[in-house]
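Derivation of every value follows stated rules applied to the coordinates shown; laboratory data play no part. Treat the numbers as computed from the prediction; the structure is a model and nothing was measured. In this analysis, Cβ positions are derived from the backbone assuming ideal geometry, glycine residues included, and neighbour counts consider all displayed protein chains.
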Amino acid sequence: MLHNPVIEAPSQELSFRQSVDLMFNRAVALMDISPGLEEKIRVCNATYIVRFGVRLRGEMHTFTGYRSVHSEHMEPAKGGIRFAPGVHQDEVEALAALMTYKCALVEAPFGGSKGGLCIDPRAWEEHELELITRRFAYELAKRDLIHPSQNVPAPDMGTGEREMAWIADQYNRMNTTDINAQACVTGKPVNAGGIEGRVEATGRGVQYALREFFRHPEDLARAGLCGALEGKRIIVQGLGNVGYHAAKFLSEEDGALICGIVEHDGALWSDTGLDVEAVHRWIATHGGVAGYGDAAFTADGLPLLEAPCDILIPAAVEAVIHRGNAARIKAPLIIEAANGPVTAAADDILRERGTVIIPDLYANAGGVTVSYFEWVKNLSHIKFGRMQRRQEEARHQLIVDELESLSEVMGKKWSPSPDFKRKYLRGADELELVRSGLDDTMRAAYQAMRQRWHDDPRVADLRTAAFCCAIERIAASYRSKGL
C-alpha cells in the first residue's frame, strides 16, 4: 500500500536536521515503503558524544566531539570529521543522514556517518592541534568508531590531509597488527596511503555534475539556459577546498566566467571573470579577499549571491540561502557544492519560481566517491594502474607500429598530430583512473536522478528525485537483510 502522508510547506525556518527530514518525507511520500521501514531508514542509529581533556599551555582544556552513525545498511559507515566552533549534535546527525543518502545515490557501498569536534582550528598551533586530534581519534577508535570495516572518517570543513594522517597514525599505534589499518580513514596524503585526486575530488565532482547537466538540452531548458558551459557567468560562495577547485576547473577547462567570489570578509566581482588562482593565492596570504586589487570589492559579501548570473555555487556552509533572501536569488541554476546551503523554506520559494537546484547529496558526492577508491586501494595494497599501465602501452604500441607499417606499404606517410603518439601510447596512471571513475559515477547518478525527474510527474525537482533513488536503494538493502 502506498504510504502517502501530507507534506506541508514549513511556516518558519527549519533547522538543518529538520530540513533533511522534510526533504526525506517529501520523497518517501511518493514511494511504496512500509511505515516501519520508512522510520528505520530515516532515524539516526546512534550518536556518541565524547568530552576529553588535553593539557595545553600549562593547563587542562576540555573539548567536546561527536560521531554519529545514521545507517548501517552497508558497512563500514562513511563520513567526514569537521572541526568548527559551532559543531553540535543536530548538525552532525543531519550530515550523517545526508551521507547515507549520498552514498546510496552514487552506489558507494557505505552507510552514513559524520563526526565533529567543537573547536576553532585557527586558535591553536599545529603541534597543539595534533595533540587534540590524536586524543579525539583515540577516544573514537577505542570504541570502533574509527575502524576499516566499521567506520571510516574523511576530511570535512576545518580538516584536511594533515588531520587524516594524524588520525591514521593514531589508529596504527593502537592496532599494530591490523594489516588493513591504512583503510581506517580516507583523504590521507598520497605518501601516507592516500590516492591521487582526492584533495580536489569534491570540486572535480561539481564540475562533472555540471558537465552532465549541460549534456541534456531538455534539462537546460527547465532552467532557462542553453548552450555549453563556456561563457556562463558563475558566482561562487566560499573559495575553500571545494569552491576553489570547482571554480578553477570550470574556468580553466570549460571556459566559464567566475564573475563573483563571496568570502567571509566580503566579495569580489568582475564582469570579465576573476583569476581564480590569483584570488586563491591572495586569500592564502591575507586570510580573505579584502585588499585584492583586480576586482570590485564589497565588504558585505552575501548580497552578491543575489546578483544576476547563470550559475550560483554555494560551497561553504549550511543555510546561506534562506527564507530571507531566496526570493531575490536571480541565478536560474544553483548547484549545492556545500552540504545544506539551501534551507527547506528557501527550497520551496526557489522551486515555485522555476529555479533548478542540483542537490547536495549528488553535487558534492565527488569526495566520498574518491574516498571509496582510496579505501579500496588501501584494502588491496596496490596502487591503481600499477598492474596494467605498461601492458596498455605495449598494446597501443602494437597498433601504432602496424599503422606505420601499413602506411609504408601503401606509399603514404602516416602523419599523426604531434601529441597523438605521446598521448595514445601512455597507459592510464592512478590520477587518470580516479578521474575516469569519478566521471562515470557522476554520470550514472545523474542519469538515475533525471529518469525519476522526467518519468514521474509527481517528482517536481532533482532533489526529490535524488532522495527517491537513494531511499529505494537503502530499502532494497534492508529488505535483503530480512527487515
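Mind checking whether some residue in the stretch 315-322 is crowded, with 24+ Cβ neighbours inside 10 Å and touching a residue at least 40 places away in the same chain (Cβ under 8 Å)? Yes, the conditions are met somewhere in the stretch 315-322.
Only residues that are under 19 Å from C184 (Cβ atoms) and out of contact with any strand residue (DSSP E or B) (no Cβ under 8 Å at 6 or more places or on another chain): list them for the stretch 115-132, please.
From the stretch 115-132, those under 19 Å from C184 (Cβ atoms) are 115-117, 130, 132; that's our starting set.
Within the stretch 115-132, E130 is the sole residue that qualifies.
Just one of the numbered conditions (1) closer than 21 Å to R198 by Cβ; (2) under 17 Å from the mean Cα position of the chain (by Cα); (3) surrounded by fewer than 24 Cβ atoms within 10 Å (Cβ to Cβ) is not true of K114: (3). For L274, the conditions (1) outside any loop (DSSP other than H, G, I, E, B); (2) crowded, with 22+ Cβ neighbours inside 10 Å all hold with the exception of (1). Within the stretch 143-195, restricting attention to residues that are touching a Leu at 6+ places or on another chain (Cβ under 7 Å) and closer than 29 Å to A316 by Cβ, the residue that is surrounded by the fewest Cβ atoms within 10 Å (Cβ to Cβ) is N151.
Scanning the stretch 206-214 finds no residues that are in a loop (DSSP other than H, G, I, E, B), in contact (Cβ under 8 Å) with a residue 24 or more places away in the chain and either closer than 23 Å to G116 by Cα or of a type in the set (K, R) (or both).
Select from the stretch 434-483 the residues that are among the basic types (K, R) and part of a helix (DSSP H, G or I) and write down the one among them that is surrounded by the fewest Cβ atoms within 10 Å (Cβ to Cβ).
Of everything passing the filter in the stretch 434-483, R479 is surrounded by the fewest Cβ atoms within 10 Å (Cβ to Cβ).
Highlighted here are the strands (runs of 3 or more DSSP E) found entirely within the stretch 27-141 that include at least 2 residues which are more than 27 Å from W375 (Cα to Cα) and either among the small types (G, A, S) or touching a residue at least 24 places away in the same chain (Cβ under 8 Å) (or both): 46-56, 59-69.
Taking the stretch 344-370 as the range and being in a helix (DSSP H, G or I) and more than 22 Å from the chain's Cα centre (by Cα) as the test, the residues that pass are A345, D348, I349, L350, R351, E352, R353. Among residues belonging to the stretch 221-243 that are surrounded by fewer than 24 Cβ atoms within 10 Å (Cβ to Cβ) and touching a Cys at 6+ places or on another chain (Cβ under 9 Å), point out the one that is nearest to Y208 (Cα to Cα). Only one residue tops the list, namely K232. Within the set M74, M99, the sole residue that is closer than 17 Å to A470 by Cβ and within 14 Å of the chain's Cα centre (by Cα) turns out to be M99. Taking (1) without any contact (Cβ under 8 Å) to a residue 24 or more places away in the chain; (2) in contact with a Ser or Thr (Cβ under 9 Å, 6 or more places away or on another chain); (3) among the charged types (D, E, K, R) in turn, D144 satisfies each apart from (2). Of the listed requirements (1) under 27 Å from P314 (Cβ atoms); (2) over 17 Å from the mean Cα position of the chain (by Cα), R211 misses just one: (2). Taken as a whole, the stretch 394-409 holds no residue that is out of contact with any helix residue (DSSP H, G or I) (no Cβ under 7 Å at 6 or more places or on another chain), part of a loop (DSSP other than H, G, I, E, B), more than 30 Å from I179 (Cβ to Cβ) and free of Cβ contacts under 8 Å to residues at least 60 places away in the same chain.
Please go through the stretch 383-393 and give me each residue that is of a type in the set (A, V, I, L, M, F, W, C) and surrounded by 11 or more Cβ atoms within 10 Å (Cβ to Cβ), ordered by number. If you could, list the steps in order and put the result at the bottom.
So in the stretch 383-393, the residues of a type in the set (A, V, I, L, M, F, W, C) come out as 384, 387.
Passing the criteria: only F384.
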